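The values are calculated or read from the model by the stated rules, or taken from the named source; none is laboratory data. All of these numbers come straight from a predicted model, not from anything done at the bench. Note that each Cβ is placed from the backbone with ideal geometry, even for glycine, and that neighbours are counted across all protein chains shown. With ligands, DNA and RNA removed, areas are computed over all heavy atoms of the protein, side chains included. Shrake-Rupley method; radii C 1.70, N 1.55, O 1.52, S 1.80 Å.
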Amino acid sequence: MSPKRIVLRFGIDSTVKPIVYRLVKDYDLVVNIMRADVNPKKEGMMVLEVTGDRSEEGLDYLRNLGISVQDLNQGIVRNDEKCVMCGACTGICPTGALYMQRPSMEVGFDGDQCVVCLLCTKVCPMKAMEVHL
Amino acid sequence: MINVEGKEIGSAGGTLAVTGDLKQMSPRWLIGTSYLGYGATLSVGIGIPIPILNEEIARYAAMKDEELFAPVVDYGEAYPSFTPGNLGYVSYAELKSGKIKVNGKDVITAPLSSMSRAREIASTLKGWIQKGEFQLTEPVKTLPSPADGFTAHSIKEA
Ligand code: SF4
Ligand code: SF4
């Protein structure tokens, strides 16, 4: 069972529910929180890595709560028209999703490694890293 | 450039002032960019042929990454406060490896200019030269130098 990386976005009311607990307890999933931005009385987001046979059921449970569930690699895309392969992003990307290929010095992007921290969207001088919601 | 042991080392840096007709330029080589913490600027891709007129030029033009050095500058504190000096020199080979040593510590490196675009420019220029399409012209005007009483001024940051 390979882990599934998902992005959750929730409204003000659903942040109070113990969703991670439910995923673990009711659906027997292994949950790894990769990134979370959750504040009381505010919209929030969470990036999870979930592993388990019943992950689809667990995700349906989240959708029924009105939480938007998306595959993580849909989150950040590189606009290849804009990217000039300068490499500025490779020094800041915390997971190595953006990396220098040596010796060609071309910049690779592996969406599976991306945790949607958004640092590259600020650092890229060409504004080539785009957030797709 | 002289390193700590007083040895002359190859300097890889330089600043060029150029002029050109904006309307004939391609957006592939001239892009408006924005650097976090620096501001708006232009990213320019430019190819410069180096005529190998003598052995000295040949020697400099043939220098490898291992022989070209850049100073490590502290842009956090030293540079904005006009503190002279640097944290040592590193070669382009070290910089391109992705890691350098500064004061005994490993520091990650990342480029800011595109090597792959640079190669593209170089091969385009090579193609023009081989086909005889690249022609030299007389300089329109020479640029002022310190010999003409030209001095550079620094702006103190608040
Ligand atoms: S910083 Fe932007 S333009 Fe440079 S390699 Fe990364 S994505 Fe491409
Ligand atoms: S969002 Fe973060 S993890 Fe993803 S590519 Fe950009 S810097 Fe890397």
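Per residue of chain A, what 222 nm ellipticity follows from adding -39500 (n - 2.57) for every DSSP H run with n ≥ 4, rounded to the nearest 500? The partial results should precede the final answer.
Numbers: 3 runs with 22 residues, N = 133.
Counting only the DSSP helices, I get -4000 deg cm²/dmol.
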Determine the calculated [θ] at 222 nm for chain B from helices alone, applying -39500 (n - 2.57) to every DSSP H run no shorter than 4 residues and normalising by the residue count; nearest 500 deg cm²/dmol.
-> -5500 deg cm²/dmol
Filtered hits (lysines, Cα-Cα < 24 Å from residue B:101, offset >= 8 within chain) -> B:7, B:64
One point scatterer per Cα, no solvent, Debye formula: log10 I(q)/I(0) for chain B at q = 0.17, 0.20 Å⁻¹ comes out as -1.59, -1.68
Spit out the partnerless Cys residues in chain A, using Cβ distances under 4.7 Å as the pairing rule.
-> A:83, A:86, A:93, A:114, A:117, A:124
Loop-located chymotrypsin sites (Phe, Trp or Tyr not before Pro) in the range B:1-49, at most 14 other Cβ atoms within 10 Å (DSSP) | B:38
Could you work out how far apart the two model spin labels at residue A:36 and residue B:116 are, taking each label as a point 7 Å from the Cα in the direction of the beta carbon, and quote it in nm?
-> 3.7
Within chain B, excluding any GluC sites (Glu not before Pro) found in a DSSP loop (not H, G, I, E or B) and having at most 15 other Cβ atoms within 10 Å, the longest uninterrupted segment runs B:6-76
Here, trypsin sites (Lys or Arg not before Pro) of the range A:11-43 satisfying both criteria (DSSP loop; at most 16 other Cβ within 10 Å) are A:41, A:42
Can you list which of the trypsin sites (Lys or Arg not before Pro) found in the range B:1-66 are DSSP loop residues with at most 11 other C-beta atoms within 10 Å?
-> B:7, B:28, B:64
Shielding of B:37-44 by partners, i.e. mean partner chain Cβ atoms within 10 Å per residue?
-> 1
Return the FRET efficiency for the residue pair residue B:38, residue A:63: r is the Cβ-Cβ distance, R0 is 35 Å, and the value is rounded to the nearest 0.05.
-> 0.20
What FRET efficiency, computed as 1/(1 + (r/R0)^6) with R0 = 51 Å and r the Cβ-Cβ distance, is obtained for residue B:86 and residue B:124, rounded to the nearest 0.05?
-> 0.90
How many percent of the accessible area of the range A:4-74 is carbon or sulfur, using a 1.4 Å probe?
-> 46
Under a point spin-label approximation (7 Å from Cα along Cα-to-Cβ), what is the residue A:80-residue A:26 distance to one decimal in nm?
-> 4.2
Could you give the Stokes-Einstein D for chain A in µm² per second, using the C-alpha Kirkwood radius, 25 °C, 0.890 mPa s?
-> 153
Counting pairs on different chains as well as pairs 8 or more places apart, how many Lys pairs in chain A have Cα atoms under 24 Å apart?
-> 8
